[in-house]
Amino acid sequence: MELFANAKINLTLDILRKREDGYHDLQMVMQSVTLADELTVTPAKGAQGEAVSDLHFLPTGGKNLAQMAAAAFRQAAGTGGEVDVSIRKHIPVCAGLAGGSADAAAVLVAMNELSGAGLSPEELARIGERVGSDVPFCVAGGTALAEGRGERLTPLPPLPPCHIVICKPPFSISTPQLFSRVNVRRIVRRPDTAGMTAALEAGDLAGVARRMYNVFEDVLEPRRLAAIREIEGVLIDCGALGASMSGSGPSVFGVFHSERQAQEAKARLEESWRDVFLCGPR
Ligand code: ATP
C-alpha cells in the first residue's frame, strides 16, 4: 500500500503551564501541508518488520517511528501482522514539521486498511498518542486546535487557499532544552489563539497570517534567533502576509496570497539556504 505522510506547521504555539508530571500544557493551531513523505507499507518479508528510508541516519528497526506505530497498532487492535515500511523522506528531520509523527500516522492508517480492523480515526489517534503527541493530529490532518501535550484536538475551519514557503536552516534545536528555557510566568508575548480561530472561521487569510506566532521564538539563543529572523525577513520582504517558526524549530514558514511572490521567496531563500520548499495547505 502506498500513501503520503503530510508535514504540519504551527500557525500558533503557546505554552499555558508546566504540569505536575513535568510536561507543559500547550495550545497550538496546527495545519497540515502538502509537503509529504512517500511511504510503502507491505506485509513483512522476514519475521520482523523493517523500516527502510533514503536517509542513512534514520533508525531502521523498532526505533523508527513507523515501526513503533506498527507495534502500537498490533498491540491495541489485537490484529495486523508485521509490516515492512519503505520511506522516501521529503520532510526534513528534526525540523519542527512532525516528519516522524507523520510517518507513524500513515502507518496506522495503512495497517487499519491492510488488516481490515476498521478502527475509527479517533481510535487510530488514541493509538498514535502512545507513539508521540503529534501523531493524533497527523492522523486527523487538516486544521485543528491542539491542546494538552498536543493530543487533544478540536477541528477548525480550513486555512483559506494560499501558498506556503518553508525554509529549514541547517541546525537543530533541542526541544527539551527549549522547554527548559521557558518560564511560563515570564512569557510576555503570546499568540492570540481566539483571534486566530475567529480569522479561520471568517476565512480571513490576512487575519490568520497576522496572528501567526510561536512563543519559542522568545527563548531562542541569540545566534539561532538571528537566523530565524533573517528567514522571516526575506519571506516578508517578498510579500508574505506573515511568517513564523514551526514547532520547536528551526523551520520557518511564510504564508502568501500570490504564488508568484511565493516562488520569488523560495528562489531568494535558496541563495542562502539548502532546504526550501513551496507547498500549500492540506
Ligand atoms: P516534531 O515537529 O514532532 O517535534 P521533528 O520534525 O522536530 O518533530 P522528526 O523529524 O519527527 O522531528 O524526528 C525526530 C527524531 O525521530 C529524530 O531523531 C529521528 O532520528 C527519529 N525518527 C525515527 N523515525 C523517524 C522517521 N520515520 N522520520 C523521521 N525521524 C524519525
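A short reminder: the numbers here are calculations on the coordinates, not readings from a lab. Predicted model, so just to flag it, every value in this text is computed and none were measured. Note: ideal-geometry Cβ built from the backbone for every residue, glycine included; neighbour counts use all protein chains shown.
Restricting attention to the range 86-104 and to residues that are surrounded by fewer than 21 Cβ atoms within 10 Å (Cβ to Cβ) and within 7 Å of the ligand (Cβ to nearest atom), the residue that is farthest from Ile166 (Cα to Cα) turns out to be Lys89. When you check Asp14 against the structure, is it among the acidic types (Asp, Glu) and under 30 Å from Pro161 (Cα atoms), yes or no? Taking the combined requirement at face value, the residue satisfies it.
Any chance you could count how many residues in the range 48-75 are touching a strand residue (DSSP E or B) at 6+ places or on another chain (Cβ under 7 Å), more than 7 Å from the ligand (Cβ to nearest atom) and of a type in the set (S, T, N, Q)? Looking only at that region, the number is 2.
For every residue, the table says whether it meets (1) out of contact with any Asp or Glu (no Cβ under 7 Å at 6 or more places or on another chain); (2) within 16 Å of Val135 (Cβ to Cβ).
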position	(1), (2)
Thr12	yes, no
His24	yes, no
Thr34	yes, no
Ala44	no, no
Gly49	no, no
Gly61	no, no
Leu65	no, yes
Gln75	yes, yes
Val85	yes, yes
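Checked against (1) assigned to a loop (DSSP other than H, G, I, E, B); (2) crowded, with 16+ Cβ neighbours inside 10 Å, Gly239 passes all but condition (2). Among residues of the range 32-50 that are polar (S, T, N, Q), those with a beta-carbon under 8 Å from a residue that is assigned to a loop (DSSP other than H, G, I, E, B) and more than 12 Å from the ligand (Cβ to nearest atom) at least six positions away or on a different chain give the pairs Ser32/Gly141; Ser32/Gly142; Ser32/Arg282; Thr34/Gly280; Thr34/Arg282; Thr40/Met1; Thr42/Met1; Gln48/Glu82.
In the range 159-166, is there at least one residue being within 15 Å of the ligand (Cβ to nearest atom) and in a loop (DSSP other than H, G, I, E, B)? Among the residues of the range 159-166, not one is within 15 Å of the ligand (Cβ to nearest atom) and in a loop (DSSP other than H, G, I, E, B), which makes the answer no.
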